[in-house]
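To start, the structure itself, in structure tokens.
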């Protein structure tokens with residue numbers, strides 16, 4: 001069996017990462033941001049830029065702008081969509097997830113999905129604070145930068161052996 005791709009999951013030295021975070025549900029998103037920024041600092045990320053947007057629905061567009069800027073190796077998208085009594089949750093959560101996936105696929109820049117979709121505030125707070133989903137998303141972004149580098153074509157079309 002061949003040698004696989006095993007990225008350096010938490011080595012962020014030299015990387016530039018945009019953290020795009022929703023202001024809506026700040027009681028949840030602020031701990032997500034703190035976790036992400038802490039994980040990026042711990043990994044030695046060279047440059048981190050925090051960009052705030054109104055809510056989760058706006059995350060894909062801001063992530064696209066960050067990805068297209070050429071200033072970042074990865075984007076970490078953070079937000080919280082908490083289910084209510086109307087279908088609003090389904091529209092916002094779905095549009096956010098689809099949009100962020102599209103940004104990553106269209107740009108080739110890793111976009112980590114750190115958007116919580118929960119039934120209630122208690123679940124969201126547990127994931128943001130106790131489960132450190134912001135830090136988890138940041139580490140995933142770093143890992144994907146290394147995965148991308150490992151899978152890039154070699155100069156002159158040389159195949160990996």
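Quick notes on this one:
- Degrees, to the nearest 10: 88-107 long Cα axis against longest axis of the chain: 20 degrees
- Using a Förster distance of 35 Å, the FRET efficiency for residue 91-residue 49 (Cβ separation, nearest 0.05): 0.75
- With a Förster radius of 30 Å applied to the beta-carbon distance between residue 107 and residue 131, the computed FRET efficiency rounds to 0.60.
- From helices alone, the chain scores -14500 deg cm²/dmol at 222 nm; the rule is -39500 (n - 2.57) for each run of n ≥ 4 DSSP H residues, then divide by the residue total.
- Residue ranges 40-48, 66-74, 85-93 sort as 66-74, 40-48, 85-93 when ordered by packing (mean number of other C-beta atoms within 10 Å per residue, highest first).
- Cα gyration tensor shape of the chain, rounded if a/c is under 1.5, else prolate or oblate by comparing a/b with b/c: prolate
All of the numbers you see were taken from the coordinates with simple rules; none came from a lab. From a predicted model like this one, the values you see are computed outputs, not experimental measurements. Every residue, glycine among them, receives a Cβ derived from its backbone with ideal geometry; neighbour counts consider all protein chains shown.
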